[in-house]
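Please read the structure below before turning to the comments.
The values are calculated or read from the model by the stated rules, or taken from the named source; none is laboratory data. All values derive from a computational prediction rather than experimental measurement. Every residue, glycine as well, gets a Cβ built from its backbone with ideal geometry; the counts of neighbours run over all protein chains shown.
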Amino acid sequence: MPITLSDADSQELKRWVSAHHTPQQVAQRCRIILEAAKGRQDKDIAGNMQINYKTVALWRQRFCSEGPDCLWEVAAGRGRKTQLAAEKIEEVVNATLQTKPVGATHWSCRTMAEKQGVSKSTVNRVWQSRGLQPHRIKQFKLSRDPRFFEKLTDVVGLYLNPPEKALVLCVDEKSQIQALDRTQPGLPLKKGRCGTMTHDYKRNGTTTLFAALEVVQGKVIGQCYARHRHQEFLKFLKRIDAEFPPKIKLHVVMDNYGTHKHPKVQSWLQRHPRFVPHFIPTSSSWLNLIERWFGELTGKRIRHGAFVSVADLVAAIDEYLGAWNTNPQPFVWTATVESIIEKLSRCKQTLEKIQPGCTLPRTRKTRRNNTSRL
């Protein structure tokens, strides 16, 4: 049965063959049709591709009757048959969700397989198909601040609509940064092997980094101190005051740490009206963008480093600050108050199903009033 391909079909089959996402069986069928279109016989094609000639004849016939789309289809009755009953699958899923093994907090593939009388590979496939990962857990923290929505709207409004002729600064301290040195030198990175370091370490002291992130440009002002009291915070505020022209108003986003609300700090802020404080809700550090920068600092300079002294650690932090400010990358806030409240409402509903007595901040009335302030 001869096969004649149009230019469009020929190009389409060639594209399927070369595409990385094409399954191998589909690519093989495309090659069969392309070879058949050149006028070659089934046995010649089968010999060159090292497959059975009946397979070539089958796909030649199906292509002639059904067209190119049939190459992606699996005929009824083909493929590997399932060997696990639907009831058994549900039994594995229900046991995973509703029970726990004796003496443990969660099931593993092997313990579940032993309990259900199936193989660990079967349990793994069932879990993958249902998106179950008993070994993993995500942490969360919902704020119980009675003024949560008021503070949320205030801070998100600053991020999404920065005030004119003013700057928004995210301020916080990263306390107790440890100068850790390894007990033995590690091996450097090389082809085929990652860098190494010993699991144990020597503590050489700590430092505290006070930092302020300028939201629009992404520049960071930082200063390390031995302690993190209100005295050090006042020194850092004075440095911020000296960094920017006196006529520019500074909107400062910070958390509710006692140092930030110390009477002497509040008195200093009142004497400097260019500073406008904005406090994030309690247990909502994710709302302060400087925390995102602290993550960059930890991951790229501190976690994999070895420091023989506090001075060595401070020098490394100052080096990273200088490199960051050479080409700052601002963190763009995109979440709206509505999207955050919607997510909070879903969390509240889920928790109320699990813990009927759980109480969280109300959302219905404050949602309408607060979103209008954006």
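Listing for the model above:
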| item | result |
| --- | --- |
| Within segment 277-374, helices (runs of 4 or more DSSP H) holding 1 or more residues that are at pLDDT 95 or above and surrounded by 13 or more Cβ atoms within 10 Å (Cβ to Cβ) | 290-297, 310-326 |
| Some residue of segment 155-166 being polar (S, T, N, Q), within 30 Å of S283 (Cβ to Cβ), without any contact (Cβ under 8 Å) to a residue 12 or more places away in the chain and out of contact with any Phe, Trp or Tyr (no Cβ under 6 Å at 6 or more places or on another chain) | no |
| Flag for I290 being touching a strand residue (DSSP E or B) at 6+ places or on another chain (Cβ under 7 Å), β-branched (V, I, T) and more than 24 Å from T207 (Cα to Cα) | no |
| Every residue from segment 130-145 that is among the small types (G, A, S) and either in contact (Cβ under 8 Å) with a residue 12 or more places away in the chain or in contact with a Gly (Cβ under 6 Å, 6 or more places away or on another chain) (or both) | S143 |
| Residue that is out of contact with any strand residue (DSSP E or B) (no Cβ under 9 Å at 6 or more places or on another chain) and either at pLDDT below 95 or of a type in the set (A, V, I, L, M) (or both), where the choices are P188, P163 | P188 |
| Count - residues of segment 11-30 that are loosely packed, with under 10 Cβ neighbours inside 10 Å and among the basic types (K, R) | 0 |
| Residue, nearest to the chain's Cα centre (by Cα), within segment 101-125, restricted to residues that are loosely packed, with under 15 Cβ neighbours inside 10 Å and of a type in the set (A, V, I, L, M) | A104 |
| Residue in segment 146-154 that is closer than 30 Å to V314 by Cβ and either in contact (Cβ under 8 Å) with a residue 24 or more places away in the chain or among the β-branched types (V, I, T) (or both) present | no |
| Filtered residues of segment 260-276 (kept if in a helix (DSSP H, G or I) and surrounded by fewer than 20 Cβ atoms within 10 Å (Cβ to Cβ)) | K261, P263, K264, V265, Q266, S267, W268, L269, Q270, R271 |
| Single residue of Q139, Q128, Q98, Q83 found to be modelled with pLDDT of 90 or more and exposed (fewer than 10 other Cβ atoms within 10 Å of the Cβ) | Q98 |
| Failed criterion for P68 (all others in (1) free of Cβ contacts under 8 Å to residues at least 24 places away in the same chain; (2) over 30 Å from E114 (Cβ atoms) hold) | (1) |
| Any hit, segment 218-229, residues being over 23 Å from A315 (Cβ atoms) and polar (S, T, N, Q) | no |
| Qualifying positions in segment 142-163 - surrounded by 18 or more Cβ atoms within 10 Å (Cβ to Cβ) and closer than 30 Å to Q98 by Cα | S143 |
| Any hit, segment 176-192, residues being assigned by TED's automatic domain parsing to the domain that holds T282, small (G, A, S) and surrounded by 17 or more Cβ atoms within 10 Å (Cβ to Cβ) | yes |
